[in-house]
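Colleague: Pasting in a structure now, in structure tokens, and then I'll have a few things to ask.
The values are calculated or read from the model by the stated rules, or taken from the named source; none is laboratory data. What you see is a predicted model; the values in this text were computed from it and never measured. Every residue, glycine among them, receives a Cβ derived from its backbone with ideal geometry; neighbour counts consider all protein chains shown.
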Ligand SMILES: NC(=O)c1ccc[n+]([C@@H]2O[C@H](COP(=O)([O-])OP(=O)(O)OC[C@H]3O[C@@H](n4cnc5c(N)ncnc54)[C@H](O)[C@@H]3O)[C@@H](O)[C@H]2O)c1
Ligand SMILES: [Zn+2]
């Protein structure tokens, strides 16, 4: 018997020995002034008056933008800049199209760089533009918020949002496109509003609570809690160490699972606190303080609440201690982040909101749970718990009420 439909030839294509090349993340104070020479050094082919397309956050102080531009020009680049307003509603295909049109009019070729100068919104949008223009041109990330230095600029995720019948779907259209270089100048944080800095610090504390899972930076949580005052005061050396330690952590996680394909660990662990955070982030009236005018929650504020909730849920699962969960709450509170929230919806409504994440992960509610440290060890070991019992999830929400 013959099976004509299954009769075929197969040619296996191995696109490259190193499909995603390694890249450096440079961290320092005042290093934006060396952007031009740093970019020239990492480009495959450098020519005179090479176009460089600079995508700029329009809220940045002029001095940051001119430092970057002058440095690129001094290194022989012909710079074209595009100012973009950093908001989630502007992180769209329409914004990408506008940038792609401008980029095309510079006659940029495959080896000409796009340079993102701004927070994570700018990095994701410019990264997406670089990933798609001529099927991919080099993207250089110059993050200017703490969150984008320690998280968004590293790991190659680029994306835009789209609106559907059920609301704004964040980061649903995008590509993995690794940067050619990341240059994090902590001097840029000088102009960052205190609340935005704290929101970034929430992700750093989160890294401190998961790093030991990857055997990296195992004292990060303790180090961060000890240095909170200096971080909030924007002490240059402390910020530099903070960013370096967190980039090392993110890099180690990304290395284990570059495309977030491991359902039981890897990149998914970075979602510690996020199953809870995503459920409360869209609720417009929730405020991080007693003042309703401070609503809505910023992402990092929702993460702070989410990590506290996840710690209490972990305790309810029996794998973690309530005292440790309270220690974590105290650390977030010390950093000026919310650890309780008024007017939280009912458990049913919150569980319903969490089920949106569940749909996104194949019908499974995936909680990143904390494990109790072994005697003498610091906190920082996590694992994935699929479909935890309702009582454990609710224990997390209960910890945030009041
Ligand atoms: N790609 C990833 O892996 C990844 C990871 C985490 C978050 N993200 C994305 O990152 C975005 C959030 O990034 P974010 O927290 O940096 O927010 P953001 O880019 O929206 O910036 C926050 C605010 O700070 C302003 N700003 C930026 N730098 C400044 C500076 N130096 N001085 C003064 N103001 C400044 C911006 O104009 C904006 O108003 C989201 O879109 C999120 O989806 C991506
Ligand atoms: Zn986050």
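Colleague: Which is outside any loop (DSSP other than H, G, I, E, B), surrounded by fewer than 20 Cβ atoms within 10 Å (Cβ to Cβ) and free of Cβ contacts under 8 Å to residues at least 24 places away in the same chain, of 94, 78?
Modeller: Working: 78 fails: free of Cβ contacts under 8 Å to residues at least 24 places away in the same chain.
The conditions single out 94.
Colleague: Filter the range 311-342 down to the residues that are part of a loop (DSSP other than H, G, I, E, B) and free of Cβ contacts under 8 Å to residues at least 12 places away in the same chain and list them by number.
Modeller: Of everything in the range 311-342, just one residue is part of a loop (DSSP other than H, G, I, E, B) and free of Cβ contacts under 8 Å to residues at least 12 places away in the same chain, namely 318.
Colleague: Which of the residues that make up the range 158-172 are under 14 Å from the mean Cα position of the chain (by Cα) and within 16 Å of ligand 2 (Cβ to nearest atom)? Don't jump to the end; show me each part of the working.
Modeller: So the first thing to find is which residues in the range 158-172 are under 14 Å from the mean Cα position of the chain (by Cα), and the list is 158-160, 170-171.
Of everything in the range 158-172, those that are under 14 Å from the mean Cα position of the chain (by Cα) and within 16 Å of ligand 2 (Cβ to nearest atom) turn out to be 158, 159, 170, 171.
Colleague: Please work out which residue is farthest from ligand 2 (Cβ to nearest atom), limiting yourself to the range 139-157 and to residues that are more than 10 Å from the chain's Cα centre (by Cα) and in a strand (DSSP E or B).
Modeller: Top of the filtered list is 140.
Colleague: Related question: How many residues, within the range 271-295, are crowded, with 16+ Cβ neighbours inside 10 Å and within 16 Å of ligand 2 (Cβ to nearest atom)?
Modeller: Counting residues in the range 271-295 that are crowded, with 16+ Cβ neighbours inside 10 Å and within 16 Å of ligand 2 (Cβ to nearest atom) gives 12.
Colleague: Here's another thing I want to ask about it. Quick one: is residue 188 more than 16 Å from residue 273 (Cβ to Cβ), part of a helix (DSSP H, G or I) and within 15 Å of ligand 1 (Cβ to nearest atom)? If you could, list the steps in order and put the result at the bottom.
Modeller: Values: more than 16 Å from residue 273 (Cβ to Cβ): yes; part of a helix (DSSP H, G or I): yes; within 15 Å of ligand 1 (Cβ to nearest atom): yes.
So residue 188 fits the description; yes.
Colleague: Let me confirm something: among 206, 230, 250, 234, which residue is touching a helix residue (DSSP H, G or I) at 6+ places or on another chain (Cβ under 7 Å), on the phi > 0 side of the Ramachandran plot and either in a helix (DSSP H, G or I) or within 16 Å of ligand 1 (Cβ to nearest atom) (or both)?
Modeller: Just one listed residue meets the conditions, 234.
Colleague: Do we have residue 268 as surrounded by 17 or more Cβ atoms within 10 Å (Cβ to Cβ), within 16 Å of ligand 1 (Cβ to nearest atom) and closer than 30 Å to residue 227 by Cα here?
Modeller: For residue 268, the condition - surrounded by 17 or more Cβ atoms within 10 Å (Cβ to Cβ), within 16 Å of ligand 1 (Cβ to nearest atom) and closer than 30 Å to residue 227 by Cα - is met.
Colleague: Sticking with this one: Being within 16 Å of ligand 1 (Cβ to nearest atom) and closer than 15 Å to residue 80 by Cβ is the filter here, so list the residues in the range 36-65 that pass it.
Modeller: Residues satisfying the conditions are 54, 55, 56, 65.
Colleague: Of all residues in the range 253-267, which are part of a helix (DSSP H, G or I) and touching a helix residue (DSSP H, G or I) at 6+ places or on another chain (Cβ under 7 Å)? Full working, then the answer.
Modeller: Residues of the range 253-267 part of a helix (DSSP H, G or I): 253-256, 266-267.
Hits for the range 253-267 are 253, 254, 256, 266, 267.
Colleague: Moving on to the next point. Residues in the range 163-171: is at least one surrounded by fewer than 22 Cβ atoms within 10 Å (Cβ to Cβ), assigned to a strand (DSSP E or B) and either outside the structural domain of residue 38 (by TED's automatic domain parsing) or near ligand 1 (Cβ under 8 Å from one of its atoms) (or both)?
Modeller: yes
Colleague: Another question, then. I'm checking my understanding of the structure. Among residues of the range 234-265 that are more than 15 Å from the chain's Cα centre (by Cα) and surrounded by 23 or more Cβ atoms within 10 Å (Cβ to Cβ), which one is nearest to ligand 2 (Cβ to nearest atom)?
Modeller: The extreme case among them is 242.
Colleague: Quick one: which of 46, 59 is assigned to a loop (DSSP other than H, G, I, E, B), at negative phi, surrounded by 13 or more Cβ atoms within 10 Å (Cβ to Cβ) and in contact with a helix residue (DSSP H, G or I) (Cβ under 8 Å, 6 or more places away or on another chain)? Steps first, answer last, please.
Modeller: Working: 59 fails: in contact with a helix residue (DSSP H, G or I) (Cβ under 8 Å, 6 or more places away or on another chain).
One residue alone meets the criteria, 46.
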